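The values are calculated or read from the model by the stated rules, or taken from the named source; none is laboratory data. Everything quoted here is computed from the prediction, not taken from an experiment. Positions of Cβ are backbone-derived with ideal geometry, glycine not excepted, and every protein chain shown enters the neighbour counts. Accessible surface is based on the protein model in full, side chains and every heavy atom, while ligands, DNA and RNA are left aside. Shrake-Rupley method; radii C 1.70, N 1.55, O 1.52, S 1.80 Å.
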Amino acid sequence: MDVFYNRQGIGDVLVLPIKEGNRYELKEENHHDITKIMSTDGEVLGYNIFHASQYFHLDGKNGAIPLTEAFLAEIRTLFHKNGIDDPLEFDLRPKFVVGFVKSKQPHENADKLSVCQIDVGEETLQIVCGAPNIDEGQKVVVAKVGATMPSGMKIKASELRGVPSNGMVCSQKELGLPDAPKEKGIYVLEDTYQIGEEFTF
């Protein structure tokens, strides 16, 4: 999970997004420098922490910041001091990992899509992929459900032409890597990468 900080863009505010909601049907609770954002039926959608640099070391931080156990502990302490006892239980496992393409089958309803079974270490994910160069036996970069791409797009579980897909196999361009090739295709990794390890970029 990532939190977000962009001092130049929105000011000294740390944003903790949890769920998406209808921005026209929101309510807020203010607890000193913390604003809890909820849907009108009370579901928590996220938090904004104002004057964030007074509470956390954010020098040089910009954009998405991985939420670590240590960082989460600091946030919980701040919440407790401000009378917020929300549990703040998040999945902090890496969202960009090395996957191994175990199998690739043609999509029954789309000629240019493949249905792949991809081992990401602790589980096997079914991912529908449209890249022309994906194949069995490759090591690839997988953005798991919950990942936020450099473009800002959040990866969700979905269905593509009626087939469930849980994640995305990434290209170098989608990862924002320098000198990414212009040709369409996923990023095929060298065999030295370990299945399930976090892919950092």
> Out of segment 159-174, which residues are in contact (Cβ under 8 Å) with a residue 40 or more places away in the chain and touching a Pro at 6+ places or on another chain (Cβ under 9 Å)?
Replying inline: Ser171
>> With the requirement that a residue be assigned to a strand (DSSP E or B) and either small (Gly, Ala, Ser) or under 22 Å from the mean Cα position of the chain (by Cα) (or both), what does segment 40-95 give you?
In response: Val44, Leu45, Gly46, Tyr47, Asn48, Ile49, Gly63, Ala64, Ile65, Pro66
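Only one of these is farther than 30 Å from His31 by Cβ and either in contact with a Cys (Cβ under 6 Å, 6 or more places away or on another chain) or without any contact (Cβ under 8 Å) to a residue 60 or more places away in the chain (or both): Gly121, Gly130, Gly83. Name it.
Gly130
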> Only one residue in Leu16, Leu67, Leu72, Leu58 is surrounded by 15 or more Cβ atoms within 10 Å (Cβ to Cβ), over 23 Å from Lys144 (Cβ atoms) and not β-branched (Val, Ile, Thr), so which one is that?
Replying inline: Leu58
>> Go through segment 19-39 and report how many residues are open to solvent by 30 Å² or more (accessible area, probe 1.4 Å), in contact with a strand residue (DSSP E or B) (Cβ under 9 Å, 6 or more places away or on another chain) and at pLDDT 90 or above.
In response: 8
> Residues in segment 26-35: is at least one assigned to a strand (DSSP E or B) and under 22 Å from the mean Cα position of the chain (by Cα)?
Replying inline: no
> Under 8 Å by Cβ, and 6 or more places apart or on different chains, what pairs join a residue from segment 186-201 that is touching a residue at least 40 places away in the same chain (Cβ under 8 Å) and more than 22 Å from Val128 (Cα to Cα) with one that is in a loop (DSSP other than H, G, I, E, B) and of a type in the set (A, V, I, L, M)?
Replying inline: Phe201/Leu175; Phe201/Leu177
>> I'm checking my understanding of the structure. Among residues of segment 133-149 that are touching a residue at least 40 places away in the same chain (Cβ under 8 Å) and not β-branched (Val, Ile, Thr), which one is surrounded by the fewest Cβ atoms within 10 Å (Cβ to Cβ)?
In response: Asn133
> Lys156 is checked against (1) over 26 Å from Leu16 (Cβ atoms); (2) without any contact (Cβ under 8 Å) to a residue 12 or more places away in the chain; (3) assigned to a loop (DSSP other than H, G, I, E, B); (4) open to solvent by 60 Å² or more (accessible area, probe 1.4 Å) and fails just one. What number does that condition carry?
Replying inline: (1)
>> Need the failing condition index for Val145 against (1) among the β-branched types (Val, Ile, Thr); (2) at pLDDT below 90; (3) under 29 Å from Glu183 (Cα atoms), just the number.
In response: (2)
